[in-house]
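Notes follow once the structure below has been shown.
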2 protein chains.
Amino acid sequence: MKNFTLCNPTKIYFGKGQIASLSEALGNYKNILITYGKGSIKQNGIYDQVIAQLKGRIFTEFGGIEANPTYETLMQAVEIVRTKKIDFILSVGGGSVLDGTKFIAAAVNYAGDPWEILQNSVFSANHIPLKNALPFGCILTLPGTGSEMNSGSVISRKTTGDKLAFVDPVVYPKFSILDPTTTYSLPLNQTCNGIVDAFIHVIEQYLTYPVNAPLQDRLAEGILLTFIEEAPKVLQNPHDYDARANIMWCATLALNGYLSAGVPEDWTSHIIGHELTAKYGLDHAQTLAVVLPSVLRIKKQQKKAKLLQYASRVWQINDGNDDHKIEKAIIKTEEFFRSLHKKIKLSEYGIGTDAVEAVITKLHQHGFTKLGEHQDITLEVSAEILRMSL
Amino acid sequence: MKNFTLCNPTKIYFGKGQIASLSEALGNYKNILITYGKGSIKQNGIYDQVIAQLKGRIFTEFGGIEANPTYETLMQAVEIVRTKKIDFILSVGGGSVLDGTKFIAAAVNYAGDPWEILQNSVFSANHIPLKNALPFGCILTLPGTGSEMNSGSVISRKTTGDKLAFVDPVVYPKFSILDPTTTYSLPLNQTCNGIVDAFIHVIEQYLTYPVNAPLQDRLAEGILLTFIEEAPKVLQNPHDYDARANIMWCATLALNGYLSAGVPEDWTSHIIGHELTAKYGLDHAQTLAVVLPSVLRIKKQQKKAKLLQYASRVWQINDGNDDHKIEKAIIKTEEFFRSLHKKIKLSEYGIGTDAVEAVITKLHQHGFTKLGEHQDITLEVSAEILRMSL
């Protein structure tokens, strides 16, 4: 096992009816900005439950945060927070609203252009840690990103076609309320996207090379197996409480720091995927379902030991030679994505060979010239991954 | 899955050499009380590493905290903290030193007799939450209790023969430093005790009844399987870094709130075990290894579904009828305890039938008249458990 540090202070309120804990969770904060997305919370009853909990507090609303939250939109909220002297932001929605909220919280007291938060993130060569952020909490209505219990956020910039991430301990939510019943009314596509995103979060912390960390491996396999079992149940019956609850909790644990503690990570699929979304507007999960299988195929020698473990423990593939078992496990993974209505090739989205150069240019511009657990996914290898994904 | 709340703010520094992070972890605290046990830290080099990190701070030492830390000893430390205006306590040792430190931290500003902290704990009918505690951190040298990443503590009182627990969010450690190399020099008996204690922590959050929480089940099974695999390695080679690291991390996750999130729990073995230690001075793990198998046998009908799952997934027992599989799994569990040099009957410790009445009297006195996930382990059932454990 590798050395690690781990500290996750977010308080989780999990289960049916937990929005009733909101007033308690907000404590002494008095001047709240409610952030949300397209406004589905006003149709499905969640908004009313939230407002009922805000008695005795002042609140302002900021709706319209996009599926890939943009710097341009979020800076409008930053202005409101500054003008109205907001002391707490409450994100009501999925991972995009929450990622946007994290950026707002970090930008409010940032001296300089807040876009630097992305440019000087932990992923850049010039990392500058953040000094502080406004406190914020979350009512999660779409499981997938894991943002509800981590300190990461992904922000897009329309004018430049960038999509970049930042991770900083100051942007852990103070609390996250996870009520599985709020996910009953999600469109099928969003339910599926969330599962694919979280499934691939696990893979990216699991399919690298062995470091003798058997508990982390089993936690990863436990989440993957649970997704595989529970996903068909919610497709069959969107009101299956237990399946919704299990998927919601798995998605949270998929990216709250416990899986990655002490093991190598390979975020290649996410990094290439972000560029594809920024360039072509594909959903985040759509890009991942296309890129991941190619990453696994191209790096199958380096990832061999873990791929064989994945084949055996997650897909019960134990027959045939190693190459056969690995290929079968990747095909099973693709079939799982297909069952969640994801395409697995860029050409199915009408995207052609031009994508290779376009994405490579952006990866180069963002400094992503060495990816993967061995830092050996150069731009040439990324180009190969993209060509294989066409 | 049941509703739950979860918040674990302790920062973990895990791995070889992490004591070098102590100065950073202590931040601005200046006036430190170092708590420790019998003084083995002065023989094995840990004390020197700690002192090297305390440059520029004032520190006082308080050694001699017992294996079952006592109110009488700890109140001496409370007096020192008050007199010297200590602002941070650093526990260096195992779970007993840390449990004692939690009590000191909670007692310092407690208005009234601090023994009330135990009497009015969350386990009592008159629960009074604590208002605050002095901040404290930990350098863990003996994995087992899980105290390094939870808010629980068990304290004994010599004059009355009591051993009681309290759990309160104010006593999460600010940080815990877990360096597996500090466990190389542990006596065999302490290594084994720690593994048995943590293994049974998992069982008590796992072997109840199914609530459709497959991820929690798999995390529990993952920890149990890892203990079963790694324990023989440290017995064979006490300097096996990876095995020591895996055991240390498993013991932490066995009781940091993640396993119990959303599932029923049955702490009968611990509660009866505490009374046995208080009365007869047996090691904590010795009592658990004796009591647990009887709890499982007596409650095998109520625990049937989970016992069969345990038999299959943890011990690969899939043949025979249900009763046979369950009994075989319990025997496997006893054999595992035996492999860790634990006896499995009270008579092996020279304890006879008198124990039944003595322990039942204490359980009654402490209000433990309904134990288990169904609250149906009355004093009569506890007596039956004790008789079966003779």
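Looking across the range B:131-157, the residues that are under 19 Å from B:Ile34 (Cβ atoms) and not in a loop (DSSP other than H, G, I, E, B) come down to B:Phe136, B:Gly137, B:Cys138, B:Ile139, B:Leu140, B:Ser147, B:Glu148, B:Ser153. Please verify whether the range A:26-35 includes one or more residues that are in contact with a helix residue (DSSP H, G or I) (Cβ under 8 Å, 6 or more places away or on another chain) and either at positive phi or of a type in the set (S, T, N, Q) (or both). Yes, some residue in the range A:26-35 is in contact with a helix residue (DSSP H, G or I) (Cβ under 8 Å, 6 or more places away or on another chain) and either at positive phi or of a type in the set (S, T, N, Q) (or both). In the range A:92-109, is there at least one residue being assigned to a strand (DSSP E or B) and closer than 24 Å to B:Cys7 by Cβ? Yes, the conditions are met somewhere in the range A:92-109.
The lone criterion from (1) in contact with a helix residue (DSSP H, G or I) (Cβ under 6 Å, 6 or more places away or on another chain); (2) closer than 16 Å to B:Ser347 by Cα left unmet by B:Tyr280 is number (1).
Applying the set (1) more than 25 Å from B:Ala278 (Cβ to Cβ); (2) at pLDDT below 95 to B:Ser124 leaves exactly one unmet item: (1). Taken over the range A:333-363, residues that are among the small types (Gly, Ala, Ser) and in a helix (DSSP H, G or I) amount to 4. Spot the failing condition for A:Ile330; the list is (1) assigned to a loop (DSSP other than H, G, I, E, B); (2) buried (at least 17 other Cβ atoms within 10 Å of the Cβ), and only one is missed. Looking at each condition in turn, A:Ile330 falls short on (1).
For B:Ala278, the requirement of being more than 19 Å from B:Met388 (Cβ to Cβ), in contact with a strand residue (DSSP E or B) (Cβ under 8 Å, 6 or more places away or on another chain) and in a helix (DSSP H, G or I) is met. Take the conditions in the same structural domain as A:Gln302 (by TED's automatic domain parsing) and in contact with a Cys (Cβ under 9 Å, 6 or more places away or on another chain) and apply them to A:Val196. Does it pass? It is false that A:Val196 is in the same structural domain as A:Gln302 (by TED's automatic domain parsing) and in contact with a Cys (Cβ under 9 Å, 6 or more places away or on another chain). Against the test of being farther than 29 Å from B:Asn44 by Cβ, within 13 Å of chain A (Cβ to nearest Cβ) and surrounded by 24 or more Cβ atoms within 10 Å (Cβ to Cβ), the options B:Leu253, B:Leu219 yield a single qualifying residue, B:Leu219.
Selection within the range A:1-52: residues that are of a type in the set (Ser, Thr, Tyr), under 20 Å from A:Met248 (Cα atoms) and within 13 Å of another protein chain (Cβ to nearest Cβ). The member of this set that is surrounded by the most Cβ atoms within 10 Å (Cβ to Cβ) is A:Tyr13. Considering each residue of the range B:70-86 in turn, none proves to be assigned to a helix (DSSP H, G or I), surrounded by fewer than 16 Cβ atoms within 10 Å (Cβ to Cβ) and within 14 Å of chain A (Cβ to nearest Cβ). Restricting attention to the range A:228-278, the residues that are closer than 23 Å to A:Cys138 by Cβ and of a type in the set (D, E, K, R) total 3.
I'd like the residue in the range B:235-276 that is in contact with a Lys or Arg (Cβ under 6 Å, 6 or more places away or on another chain) and touching a residue at least 12 places away in the same chain (Cβ under 8 Å) and, out of all such residues, is farthest from B:Asn3 (Cα to Cα). Selected residue: B:Ala243. In the range A:91-150, the residue that is farthest from the chain's Cα centre (by Cα) out of those that are of a type in the set (Val, Ile, Thr) and under 30 Å from A:Asp179 (Cβ atoms) is A:Val108.
In the range B:341-348 there is no residue that is farther than 22 Å from B:Thr208 by Cα, of a type in the set (Lys, Arg) and in contact with a Gly (Cβ under 9 Å, 6 or more places away or on another chain).
Restricting the first member to the range A:351-376 and to residues that are farther than 30 Å from A:Val263 by Cβ, and the second to residues that are surrounded by 12 or more Cβ atoms within 10 Å (Cβ to Cβ) and among the basic types (Lys, Arg), the beta-carbon pairs closer than 8 Å and six or more apart or on different chains are A:Thr353/A:Arg387; A:Ala355/A:Lys279; A:Val356/A:Arg387; A:Ala358/A:Lys279.
When restricted to residues that are within 27 Å of A:Lys279 (Cα to Cα), in contact with a strand residue (DSSP E or B) (Cβ under 6 Å, 6 or more places away or on another chain) and assigned to a helix (DSSP H, G or I), the range A:38-69 contains 0. Quick one: is B:Ile195 over 30 Å from B:Asn28 (Cβ atoms), aliphatic (A, V, I, L, M), buried (at least 22 other Cβ atoms within 10 Å of the Cβ) and out of contact with any helix residue (DSSP H, G or I) (no Cβ under 6 Å at 6 or more places or on another chain)? No; evaluated as a whole, the condition is false for this residue.
The values are calculated or read from the model by the stated rules, or taken from the named source; none is laboratory data. Since we're looking at a predicted model, the values are computed, not measured. Reconstructed Cβ throughout: ideal geometry from the backbone, glycine too, with neighbour counts over all protein chains shown.
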